Amino acid sequence: MPIAHIGMALLVVAIWGFNFVVIKLSVAALPPLLAASLRFLFAAVPLVFFIKPPRVPWTLVIAYGFAFGVGLYGFLNLSMAWGMSAGLSSLTLQTQAFFTMALAFVLLGERPRPTQILGAAIAFAGIAVIASERLGDAALLPLGMNLMAALSWGLANVLIKKAGRVDPVSLTVWGALVVPLPLLALSLLVEGPTAVMSALAGFSWADAGLIAFLAYPATLLGMAIWSWLMARHPASVVAPFTLLVPITGIASGYLVLGETITPIEIAGALLVIAGLVVTLLRSRPRPSV
């Protein structure tokens, strides 16, 4: 993987790590499913009027929107609203890397090389070390919702691979357009019309700032870069980068929200980095465009 592409992946890691802090703040200010709906509304409009649809079947665009928007952020927002911390969420969500590898093997026939499996195993050991320090405070239901979000992200990654070298901004914007109405319907069903109307009536500039960060850097920029990388490299090479997100997520949670970080968590983070290094240094590069 070229150095420039590694740098792009690390930029996404930094944005997505801080993203968990902003999600935590947004679900404290707004009903969680409504917050997710507004995130994708901001991401899609008005760009959808200026960007041509991606040159892929509409069924794939709709499936991608439901996997990445409704599945990933519906489950993630609920899990964080119901008790998952920003740091712990950033950690457990990274099981998506392993869901991605498994789904890519089953659905696309991508067989990860032994060194990639070894790197993933080392990184997973790091996640297990961090989790051993944090899972005691997490309720089972929010944790399960977080893992469902990870499964949804893995499916979204496979759909990106299925799309091929499609315009990543176009796929992200038009995929985002699929999301707001289903999430709004779920918000009305789960959170209730009264809560939704009250939140919209009291929507403030601070709320708009939170949603704008989630919509633009975290969704449009992050997913555009991510889709571009996924289209040019095997899923088993790109997906492990997100194993670094817990490091930036836990650090952001500590600095902004006062969430604690311990020596055991630092040790686990070092294992995550070691696993990623093994995955990258032992992988044969592919030509890039």
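The values are calculated or read from the model by the stated rules, or taken from the named source; none is laboratory data. Since we're looking at a predicted model, the values are computed, not measured. Using ideal geometry, Cβ is built from the backbone for each residue, glycine included, and neighbour counts are taken over all protein chains shown. The area values use the complete protein model at the heavy-atom level, side chains included, leaving out ligands, DNA and RNA. Shrake-Rupley method; radii C 1.70, N 1.55, O 1.52, S 1.80 Å.
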Self-check item: Ranked order, 216, 73 - accessible area, probe 1.4 Å, largest first
Solution: 216, 73
Quiz item: Treating the beta-carbon of each Lys and Arg as +1 and of each Asp and Glu as -1, no other charges, what is the dipole magnitude of segment 1-136 about its Cα centre, to the nearest 20 debye?
Solution: 220
Practice problem: Under a cut-off of 12 Å between alpha-carbon atoms, report the aspartates and glutamates in cross-link reach of residue 52, not counting same-chain residues fewer than 8 places apart. | Solution: 167
Exercise. Classify segment 113-253 as rounded, prolate or oblate, taking a ≥ b ≥ c as the square roots of the eigenvalues of its Cα gyration tensor: rounded when a/c is under 1.5, otherwise prolate if a/b is larger than b/c and oblate if not.
Key: oblate
Quiz item: Rounded, prolate or oblate: which fits segment 113-179 when a ≥ b ≥ c are the square roots of the eigenvalues of the alpha-carbon gyration tensor, with rounded for a/c under 1.5 and prolate only if a/b beats b/c?
Solution: oblate
Self-check item: Exposure rank, largest accessible area first [228, 16; 1.4 Å]
Solution: 228, 16
Practice problem: With θ set to phi - 60°, apply the Karplus curve 6.51 cos²θ - 1.76 cosθ + 1.60 along segment 176-183 and write out the HN-Hα couplings as whole Hz, x wherever there is a Gly or Pro. | Solution: 5, 5, 6, 7, x, 5, x, 5
Exercise. Using only alpha carbon pairs under 8 Å that are at least six residues apart, calculate the relative contact order of segment 146-289 and give it in whole percent.
Key: 31
Practice problem: Could you name the aspartates and glutamates whose alpha carbon sits less than 14 Å from that of residue 24, not counting residues in the same chain fewer than 8 places away? | Solution: 207, 259
Quiz item: To one decimal place, what Kirkwood hydrodynamic radius in Å is obtained for the chain from all pairs of distinct Cα atoms?
Solution: 18.9
Quiz item: What is the packing order of peptides 77-90, 100-113, taking the mean over residues of other C-beta atoms within 10 Å and listing the highest first?
Solution: 77-90, 100-113
Practice problem: Mind listing the long-range amide H neighbours of residue 167? Cut-off is under 5 Å, sequence gap 5 or more, other chains count too, H placed in the peptide plane at 1.01 Å from N. | Solution: 55
Self-check item: Vicinal HN-Hα couplings computed from phi for segment 3-18 (Karplus, 6.51 cos²θ - 1.76 cosθ + 1.60; Hz; Gly/Pro x)
Solution: 4, 4, 5, 5, x, 5, 5, 5, 4, 4, 4, 5, 5, 5, x, 5
Practice problem: Would you pull out the residues with amide H under 5 Å of residue 110's amide H, same chain only if 5 or more places away, H placed 1.01 Å from N? | Solution: 105
Exercise. Sum -39500 (n - 2.57) across every DSSP H segment of at least 4 residues in the chain, then divide by the residue count to get the 222 nm mean residue ellipticity, nearest 500.
Key: -22500 deg cm²/dmol
Quiz item: If you take the square roots of the eigenvalues of the alpha-carbon gyration tensor of segment 12-149 and sort them as a ≥ b ≥ c, do you get rounded (a/c under 1.5), prolate (a/b over b/c) or oblate?
Solution: oblate
Quiz item: Using modelled backbone amide H atoms (1.01 Å from N, in-plane), which distant-in-sequence or interchain residues come within less than 5 Å of residue 259's amide H?
Solution: 254
Self-check item: Cα centroid separation - segment 187-243 against segment 53-91, whole Å
Solution: 8
Quiz item: Which peptide among 185-196, 261-272, 60-71, 200-211 comes first, and what is the full order, when sorted by highest mean count of other Cβ atoms within 10 Å?
Solution: 60-71, 261-272, 185-196, 200-211
Quiz prompt | Whole-Hz couplings from phi, Karplus 6.51/-1.76/1.60, listed for segment 236-249; x for Gly and Pro | solution = 6, 8, 7, 3, x, 4, 5, 5, 7, 4, x, 5, 6, x
Quiz item: Which of 115, 72, 92 sits closest to the plus end of the dipole of segment 66-183, meaning its Cα is farthest towards the positive end, when Lys and Arg get +1 and Asp and Glu get -1 on the C-beta?
Solution: 115
